[in-house]
1. Among (1) over 15 Å from the mean Cα position of the chain (by Cα); (2) open to solvent by 60 Å² or more (accessible area, probe 1.4 Å); (3) under 16 Å from LEU49 (Cβ atoms); (4) not acidic (Asp, Glu), which single condition is ALA240 missing?
2. Take the range 69-102 and flag every residue that is open to solvent by less than 20 Å² (accessible area, probe 1.4 Å), closer than 30 Å to SER13 by Cβ and part of a helix (DSSP H, G or I).
3. Considering only the range 16-25, state which residues are surrounded by 12 or more Cβ atoms within 10 Å (Cβ to Cβ) and not aromatic (Phe, Trp, Tyr).
4. Out of all the residues in the range 114-161, which are in contact with a Gly (Cβ under 8 Å, 6 or more places away or on another chain) and among the aromatic types (Phe, Trp, Tyr)?
5. Assess whether PRO162 counts as being free of Cβ contacts under 8 Å to residues at least 24 places away in the same chain and either acidic (Asp, Glu) or more than 21 Å from ILE29 (Cα to Cα) (or both).
6. Taking the stated definitions as given, is ILE28 modelled with pLDDT of 95 or more, open to solvent by less than 20 Å² (accessible area, probe 1.4 Å) and not in a helix (DSSP H, G or I)?
7. Can you work out which of the residues in the range 4-45 that are charged (D, E, K, R) and touching a helix residue (DSSP H, G or I) at 6+ places or on another chain (Cβ under 8 Å) is nearest to VAL140 (Cα to Cα)?
8. Of all residues in the range 154-167, which are out of contact with any strand residue (DSSP E or B) (no Cβ under 8 Å at 6 or more places or on another chain) and either open to solvent by 50 Å² or more (accessible area, probe 1.4 Å) or under 16 Å from GLU197 (Cα atoms) (or both)?
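The values are calculated or read from the model by the stated rules, or taken from the named source; none is laboratory data. All values derive from a computational prediction rather than experimental measurement. In this analysis, Cβ positions are derived from the backbone assuming ideal geometry, glycine residues included, and neighbour counts consider all displayed protein chains. With ligands, DNA and RNA removed, areas are computed over all heavy atoms of the protein, side chains included. Shrake-Rupley method; radii C 1.70, N 1.55, O 1.52, S 1.80 Å.
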Amino acid sequence: MTAPAVLMQSMTSPEVQRLVQRGWQRIIITSGSIEQHGYHLPLETDLVLAEALAVRAALQLGRTLVAPVIPIGCAAHHMAFAGTVSVSREAFMAYVEQVAESVIAHGFTQLLFTAFHGGNFAPSLEAAQRVQRAHPAIEVHTALDLHQLFAVTNGVIRECFPDRTALDCHAGCVETSMLWALSQAYVRVGAVANGAECTTLPSLHDMRRLSATGVVGIVDGYSTAIGERLFARIVDFMIASWGLGA
């Protein structure tokens with residue numbers, strides 16, 4: 001995978017201009033988070049995975065660029081854990097909207113919004129709707145249904161572990177497998193530990209009250225194969241949500 005082929009920040013200004021003039025007028029706007037992911041995954045987990053998914057989606061779609069990933073999101077429910085950085089809903093939404101305004105100014109006419117941090121889904125959707133109202137001639141597409149995303153990821157986990165009833169919500173087998181598939185250096189293998197087990201999606205206000213380690217789900221069984229299956233399914237979910245599937 002040649003990421004710089006679609007990552008806008010890796011290009012020069014004239015290169016971006018030439019691509020837009022050649023019809024590359026579709027761009028993915030996504031976001032991650034800097035927040036705790038248990039004892040075994042880095043704070044940048046959501047940021048890394050947001051970019052990796054956007055790159056794979058752009059390559060699959062063709063003639064699509066990826067805007068610089070918004071790194072910090074709405075993560076107040078993780079603030080009990082050191083290193084987490086969070087911004088307000090309004091600050092985050094304003095950031096998303098201004099990124100969109102920037103790419104529109106440079107000639108992009110089809111904006112694909114998504115995210116890979118649960119706290120960003122609802123405000124990203126509202127920001128995308130604001131952008132659409134402000135620019136009715138621009139095509140705005142969203143892949144921002146968090147419950148559908150969890151259905152996809154937990155569906156993969158159930159396929160791999162039919163007897164597993166606990167939902168994978170945060171820093172479990174899903175994210176560990178995806179990072180492991182990108183680079184094993186991301187995972188602190190000696191610190192891997194299963195987290196709180198829930199059978200329904202919890203309402204998150206303070207992650208510390210739900211899980212002492214910050215992990216919600218079972219980490220055991222993570223693998224490159226599961227990670228690659230998750231990447232493929234999530235990218236399919238994103239493209240279908242945008243209405244761009246076959």
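1. So the condition that ALA240 fails would be (3).
2. Within the range 69-102, PHE92, MET93, VAL96, ALA100 meet the criteria.
3. Hits for the range 16-25 are VAL16, GLN17, ARG18, LEU19, VAL20, GLN25.
4. Within the range 114-161, PHE116, PHE161 meet the criteria.
5. Against the criterion (free of Cβ contacts under 8 Å to residues at least 24 places away in the same chain and either acidic (Asp, Glu) or more than 21 Å from ILE29 (Cα to Cα) (or both)), PRO162 qualifies.
6. Yes.
7. Checking each candidate, the answer is ARG26.
8. ASN154, ILE157, ARG158, GLU159, PHE161, PRO162, ASP163, ARG164, THR165, ALA166
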